[in-house]
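Below: one structure, written as structure tokens.
The values are calculated or read from the model by the stated rules, or taken from the named source; none is laboratory data. Nothing here was measured: the structure is a model prediction, and the numbers come from that model. Glycine gets a Cβ as well: all are built from the backbone with ideal geometry, and neighbour counts include every protein chain shown. Quick note on the areas: whole protein, heavy atoms, side chains included, nothing else; ligands and nucleic acids left out. Shrake-Rupley method; radii C 1.70, N 1.55, O 1.52, S 1.80 Å.
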There are 2 protein chains.
Amino acid sequence: MRNVVAIVEYDGILFHGMQVQPGLRTVQGELEQALFLVTQERIRIAAAGRTDAGVHASGQVVSFKTQSYLPATTLLRALNAALPDDIVVKHCADVAAEFHARFSAQSREYRYTILNREAPTALARSFVHHYRKLLNLEEMQKASESLIGTHDFASFARIDPDVSNTIRTVFRAEWCRDGSLIHFDIVANAFLPQMVRGLVGTLIWVGTGKIDACRFQDIMHARDRRLAGPTVPAKGLCFVKANY
Amino acid sequence: MRNVVAIVEYDGILFHGMQVQPGLRTVQGELEQALFLVTQERIRIAAAGRTDAGVHASGQVVSFKTQSYLPATTLLRALNAALPDDIVVKHCADVAAEFHARFSAQSREYRYTILNREAPTALARSFVHHYRKLLNLEEMQKASESLIGTHDFASFARIDPDVSNTIRTVFRAEWCRDGSLIHFDIVANAFLPQMVRGLVGTLIWVGTGKIDACRFQDIMHARDRRLAGPTVPAKGLCFVKANY
């Protein structure tokens, strides 16, 4: 059986997340439906990141086994013809049999984008979280340094009975400004459900001066979701890439 | 009476253009409705550019007279609260009585964006024209040089019985590449209806080798819409700014 890897971009707004759920529109469901239309096989895909409802992806990685003889470039074109316009396969290639989009991934990278000015945006309204009060990026960056390394991130994630181990390793956590836009780029071996959005909500507290970098670190060490800030909206979040 | 100028951003997709039309959703209609909600005055706005249905704006300029005592910053916030989320007032300021967004404008600037690669885009699908065949940007730039100056642009515009003078002056016409995206930036004293989209459709012919830069110039001089290329989709076009 061939093993194929694909890089997938999607607008999360009309999806109930990545993972297939009976009766709901999901990215996995649409991709598997398109694969069926193209190959006539019932294919199950694996994905690097289980993005939540409303979360976007510019570089989601999926892999799947197929018996199709279609060359990768034809597969790409056929899948894009079969897919709705809010999912696109950007690249498609044959890959070694042992490659698995989820289990082979060494790390995942997300970007959260805040529009930090008085006026909202019409053109990018589906892709940014609008926050009016001016944020102190230097303080937010200082607090973010404490995320680097292996920690228990239970304070920031949605409580999920299926996730028993809440320890993850963060490799990079950086804020940058681009005009009125503020980006938070975070790379970790893996993420807990809603972890990035809980982190950003708490780091916004730091940016407004509600808490300082020390208190942020205390909240992390407390492993108590009730102490941290709100979960910011899904639409500001984008799965950027997975590293292998 | 106060005279106020506002910079407006909108996602053109759900509008029947800028200019008010009875029974149709237009940018002008929504802005005048929001002004009525905020000031209780029946205000008529002037706009720098009459964008067509589906065309976006990142920096449309409008001006209007009002008797409201609201400071400009309060007006901005109140208008944004009253407007639907696909129109945003980015800036708002008092301006000299003789300023008129349309008549005072010296030039207008538009950007047309093409995604030039095999795969379409999900995230930017409302803002780019997807064109698969690889375009030769150098040839397109060469042909665009002939646009600079004062010419009759009838070959590229929608025939409009209300527009008797089809002569316009182009100050700048430049193509640039940003990864798979290609931008066409054009500045002119004013534009004919669908002129930018007709120009881009014909310049795509140049980019594929269907015609050369000389033939492009001949088409311009012929002043015959039937000789030029297709009108490319509105969603790739954005009104960027007006200069005063």
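Assorted remarks:
- When the solvent-accessible area of the stretch B:93-187 is split by element, carbon and sulfur atoms take up 53 percent of it, the probe being 1.4 Å.
- Other-copy label distances relative to B:P22, 7 angstrom Cα-Cβ extension, nm: 5.5
- Heavy atoms of chains B and A lose about 2000 Å² of accessible surface on contact, summed over both sides with a 1.4 Å probe.
- Shape analysis of the protein assembly as shown places it in the oblate category; the axes a ≥ b ≥ c from the Cα gyration tensor give an a/c of at least 1.5, with a/b not above b/c.
- Loop-located trypsin sites (Lys or Arg not before Pro) in the stretch B:149-228 whose Cβ has at most 11 other Cβ within 10 Å (DSSP): B:K210
- Between A:L70, A:G23, A:A48, the Cα set farthest toward the positive side of the dipole of the stretch A:2-94 (charges on each charged residue's Cβ, about the Cα centre) is that of A:L70.
- Between A:E138 and A:D224, the FRET efficiency from the beta-carbon distance, with R0 = 30 Å, is close to 0.65.
- Full extension of the chain segment joining B:R44 with B:R117 gains 21.9 nm, where the gain is 0.36 nm per residue of separation less the Cα-Cα distance.
- Distances in nm from A:D94 to the matching label points in the other copies, shortest first (labels 7 Å along Cα to Cβ): 7.3
- Compared with its chain on its own, the stretch A:107-126 contains the following residues whose accessible area drops by 10 Å² or more in the full protein assembly (probe 1.4 Å; ligands, DNA and RNA excluded): A:R117, A:E118, A:A119, A:P120, A:T121, A:A122, A:L123, A:R125.
- Projecting label points 7 angstrom from Cα along Cα→Cβ for B:R177 and B:D162 puts them 4.1 nm apart.
- Sorted shortest first, the distances from the B:Q217 label point to those of the same residue in the other copies are 6.9 nm; each point sits 7 Å from Cα along Cα-to-Cβ.
- At a probe radius of 1.4 angstrom, the accessible area of the stretch B:116-244 per residue rounds to 45 square angstrom.
- For trypsin sites (Lys or Arg not before Pro), the sites in the stretch A:1-93 that DSSP calls loop and that have at most 11 other Cβ atoms within 10 Å are A:R42, A:R44.
- Cross-link reach list, aspartates and glutamates versus B:K142, counting only Cα pairs under 17 Å and skipping chain neighbours closer than eight places: B:E174, B:D185, B:D212, B:D218
- The distance linking the stretch A:21-49 with the stretch A:103-141 is 29 Å (Cα centroid to Cα centroid, whole angstrom).
- Per the rotation superposing chains A and B, the chain A residue found at the smallest beta carbon distance from the axis is A:S126, 5, distance in Å.
- For the stretch A:2-83, the solvent-accessible area of protein heavy atoms averages 42 Å² per residue (probe radius 1.4 Å; ligands and nucleic acids excluded).
- Loop-located chymotrypsin sites (Phe, Trp or Tyr not before Pro) in the stretch A:172-229 whose Cβ has at most 15 other Cβ within 10 Å (DSSP): none
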